[in-house]
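**Student:** Okay, here's the structure, questions in a sec.
The values are calculated or read from the model by the stated rules, or taken from the named source; none is laboratory data. Everything quoted here is computed from the prediction, not taken from an experiment. Virtual Cβ from ideal backbone geometry, glycine too; neighbours counted across all protein chains shown.
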Amino acid sequence: MLKAGTLFYSIVISLVIALLSGSMIMLSQLSAESFQRSLSRQELELNAASGLNLLLSSQTLVAEEEERTIDLYKNGTDSVLLSRQFWGAFEIAASKAMRHGQESMSIAETGYSPNSADNYCLYVSDLDKPVAICGATALRGTAFLPKAGIKRAYIEGQNYTGSAMVYGEIRESAKELPPFNKKLTERIKTLARQEATAALPEETETTRTTNSFLSPVVVISERPAMTIRASYSGHIVLISQTAITVEAAASLEDVILCAPKIIIKQGFRGNLQAFAADSMLIEKDVVLNYPSVLGIVQQEGAKKNAALILSQGDSISGSLFLCNAASSQALYTGGITIPEKAVICGSVYSNGYADMRGNISGSLMCRNLLLHTSSSVYENHLLNAVIDRSALSPYYAGISLVEETGFKKAVKWLK
Amino acid sequence: MVKINKRFKATTILESMVAMVIAVVCLGIGTMVFVNVLNSDKDRSSLRADLLLNRISLQLKRAKLFIDGEEKAENLIIRKTFEKYGDTDNLLQMTLQALDENNKLLFERKELILEE
């Protein structure tokens, strides 16, 4: 028989049961909430990635330099804020997914992957002169050559040593070089005219200036020549009306340099886009990581020859171009110099000459070839030059030098 | 007739009533816990479906196999649909649905993918 104190025992046992049940309920509730939160987070990330894919597609919803919110699946729950803005020769595509105060962002630098029509190693316009090759020159891939064709030559005591003239298909080139991407030249000219939004900081080797691509662009513009020794990274444009010199100790990541004359000092390593109006000199042993761009866009009516000069031991991953002004007095006399032991992984365009003795894993398009030796200058000659289209990664994405064709691709994920 | 002289100890009716009320409250709480535990099992099957759909999505994108269809995986029915997105010509909307044996939707995953 139970004693009269049963009530006391039942209350104690019930309290214990209630506490246990309560904690189980809370645990279950918390785990359910956390599961829902992680699902919601995953959906946001998926929507942000989908938004970015939408910007990389052939869409017409978001125009260049535009920002727009769209409902991805038209169900009122998957809103994404999409934006496109130019970043030098590339474009920045940003996609921000939002829901119940939570947000997720995907941001990338975008370019173009070359389509099959651009799979050439060399394009030399037809100036009624054949291309002559000597030494250990190797052309791998489709070559667009003048009607006069390709022949062996003997220069500096070196005969052509290859077994075939071109390790690939030979096609006829046109009299005129395909014109340079007009949209790109306009963009670069506009970039050079940008107003300053910040002053150049007092530079020491420990100065670090960083600006996220989620923030508005910081433009540092100066009239006198600028020497860069400090560290700059992110959404920053450095403009000088005279010249920019980049010291080897400087650290540059994703920034844009813009000046009439740019010098990159020996031993510099970094990742940048540099646009000059007159000349660019890349000293010895400079390493520019992917995706870098070096470009010269000459102003209309320029009297000086434009020149993009690389040095021995340079290694550049990205695109190089030289665009002489059409109305320039110095039309077509400017060019790109790629000496021996200089390595380029990407594409090169010059609507003037190309003095090519280095190694290109990618393609070279130029009006004509010039070979400067200690004793003479030879036209349309290549000595010990290697141009290998097949050595370029199939995942390579760069800029469209001629016209914007091919697929848009994320070149680099940004923060 | 036998006379009972012994006194029996007993609970009062009030005590019994309070004890019963407490027992009922505890039972109620217990039932709620049980339901919650059952619900968390529902979350677990959703999580399982989500993980499965993530894996299938990766496989489809890697193999570039963008064909509508249905398949069975891990005791779930996976329904795959691909449709052109808007006016684009290289973007697909991929919808993956995980259904249980009673054709009840457990999880859905929508994504826009580039068709290169």
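**Student:** Do we find that A:Y123 is in contact with a Gly (Cβ under 9 Å, 6 or more places away or on another chain), of a type outside the set (K, R) and in a strand (DSSP E or B) in this structure?
**Tutor:** no
**Student:** Identify, from the list A:A249, A:A259, the residue that is outside any strand (DSSP E or B), modelled with pLDDT of 90 or more and either closer than 21 Å to A:N211 by Cβ or in contact with a strand residue (DSSP E or B) (Cβ under 9 Å, 6 or more places away or on another chain) (or both). Quick ask: steps written out before the conclusion?
**Tutor:** On the way: A:A259 fails: outside any strand (DSSP E or B).
Of the residues listed, the single one that is outside any strand (DSSP E or B), modelled with pLDDT of 90 or more and either closer than 21 Å to A:N211 by Cβ or in contact with a strand residue (DSSP E or B) (Cβ under 9 Å, 6 or more places away or on another chain) (or both) is A:A249.
**Student:** Let me ask something else. Going by what's in this entry, would A:E109 be described as touching a Phe, Trp or Tyr at 6+ places or on another chain (Cβ under 8 Å), outside the structural domain of A:V218 (by TED's automatic domain parsing) and within 29 Å of A:A397 (Cα to Cα)?
**Tutor:** So A:E109 passes the test.
**Student:** Something else: I need a count of the residues in region A:136-177 that are more than 15 Å from A:L382 (Cβ to Cβ), in contact with a Phe, Trp or Tyr (Cβ under 6 Å, 6 or more places away or on another chain) and among the charged types (D, E, K, R).
**Tutor:** Number of matching residues: 1.
**Student:** On to the next question. Before we move on, is B:K42 exposed (fewer than 14 other Cβ atoms within 10 Å of the Cβ), modelled with pLDDT under 75 and within 30 Å of A:I17 (Cα to Cα)?
**Tutor:** Details: exposed (fewer than 14 other Cβ atoms within 10 Å of the Cβ): yes; modelled with pLDDT under 75: yes; within 30 Å of A:I17 (Cα to Cα): yes.
Yes; evaluated as a whole, the condition is true for this residue.
**Student:** Inspect region B:44-52 for any residue being closer than 26 Å to A:L72 by Cβ, facing chain A (nearest Cβ under 10 Å), of a type in the set (D, E) and within 24 Å of the chain's Cα centre (by Cα) and give the result as yes or no.
**Tutor:** Yes, region B:44-52 contains at least one residue that is closer than 26 Å to A:L72 by Cβ, facing chain A (nearest Cβ under 10 Å), of a type in the set (D, E) and within 24 Å of the chain's Cα centre (by Cα).
**Student:** Has region A:295-317 got at least one residue that is in a strand (DSSP E or B), closer than 21 Å to A:A89 by Cβ and more than 19 Å from the chain's Cα centre (by Cα)? Step through it out loud before you land on a result.
**Tutor:** Start the filter on region A:295-317 by keeping residues that are in a strand (DSSP E or B), which leaves A:295-297, A:307-309, A:315-317.
Subsequent filtering for residues that are closer than 21 Å to A:A89 by Cβ retains A:295-297, A:307-309, A:315-317.
Of the ones still in play, those that are also more than 19 Å from the chain's Cα centre (by Cα) are A:307, A:309.
Yes, because at least one residue in region A:295-317 is in a strand (DSSP E or B), closer than 21 Å to A:A89 by Cβ and more than 19 Å from the chain's Cα centre (by Cα).
**Student:** Another one. What do you reckon, is A:A153 in contact (Cβ under 8 Å) with a residue 40 or more places away in the chain and either within 17 Å of A:G88 (Cα to Cα) or not small (G, A, S) (or both)?
**Tutor:** For A:A153, the condition - in contact (Cβ under 8 Å) with a residue 40 or more places away in the chain and either within 17 Å of A:G88 (Cα to Cα) or not small (G, A, S) (or both) - is not met.
**Student:** Residue by residue through region B:85-105, note down the ones that are within 13 Å of chain A (Cβ to nearest Cβ) and modelled with pLDDT under 90.
**Tutor:** If the condition is that a residue be within 13 Å of chain A (Cβ to nearest Cβ) and modelled with pLDDT under 90, then B:G86, B:D87, B:T88, B:D89, B:N90 are the ones that fit.
**Student:** Right, something else. Would you mention how many residues in region A:211-238 are outside any loop (DSSP other than H, G, I, E, B), polar (S, T, N, Q) and under 19 Å from the mean Cα position of the chain (by Cα)?
**Tutor:** Residues flagged as outside any loop (DSSP other than H, G, I, E, B), polar (S, T, N, Q) and under 19 Å from the mean Cα position of the chain (by Cα) within region A:211-238 amount to 2.
**Student:** Suppose the filter is farther than 28 Å from A:V286 by Cα, surrounded by 18 or more Cβ atoms within 10 Å (Cβ to Cβ) and in the same structural domain as A:D314 (by TED's automatic domain parsing); does A:L177 pass it?
**Tutor:** Considered against the rule, which asks whether it is farther than 28 Å from A:V286 by Cα, surrounded by 18 or more Cβ atoms within 10 Å (Cβ to Cβ) and in the same structural domain as A:D314 (by TED's automatic domain parsing), A:L177 comes out as yes.
**Student:** Out of all the residues in region A:318-334, which are at pLDDT 90 or above, at negative phi and either of a type outside the set (A, V, I, L, M, F, W, C) or in a loop (DSSP other than H, G, I, E, B) (or both)?
**Tutor:** Once the filter is applied, which keeps residues that are at pLDDT 90 or above, at negative phi and either of a type outside the set (A, V, I, L, M, F, W, C) or in a loop (DSSP other than H, G, I, E, B) (or both), region A:318-334 yields only A:S319.
**Student:** So, one more: Within region A:380-400, how many residues turn out to be more than 12 Å from the chain's Cα centre (by Cα) and under 23 Å from A:G352 (Cβ atoms)?
**Tutor:** Qualifying residue count, region A:380-400: 9.
For every residue, the table says whether it meets (1) of a type in the set (K, R); (2) touching a helix residue (DSSP H, G or I) at 6+ places or on another chain (Cβ under 7 Å); (3) more than 7 Å from chain A (Cβ to nearest Cβ); (4) buried (at least 16 other Cβ atoms within 10 Å of the Cβ).
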| position | (1), (2), (3), (4) |
| --- | --- |
| B:C26 | no, yes, no, yes |
| B:V33 | no, yes, no, yes |
| B:R62 | yes, no, yes, no |
| B:I67 | no, no, yes, no |
| B:I78 | no, yes, yes, yes |
| B:E83 | no, no, yes, no |
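**Student:** A follow-up question, please. Restricting to region A:232-289, give me the number of residues that are among the hydroxyl-bearing types (S, T, Y) and under 24 Å from A:I92 (Cα atoms).
**Tutor:** Result for region A:232-289: 4.
**Student:** Among the residues of region A:180-210 satisfying the criterion of being outside any loop (DSSP other than H, G, I, E, B) and either touching a Cys at 6+ places or on another chain (Cβ under 7 Å) or among the aliphatic types (A, V, I, L, M) (or both), which is surrounded by the fewest Cβ atoms within 10 Å (Cβ to Cβ)?
**Tutor:** Filtering first and then ranking leaves A:A198.
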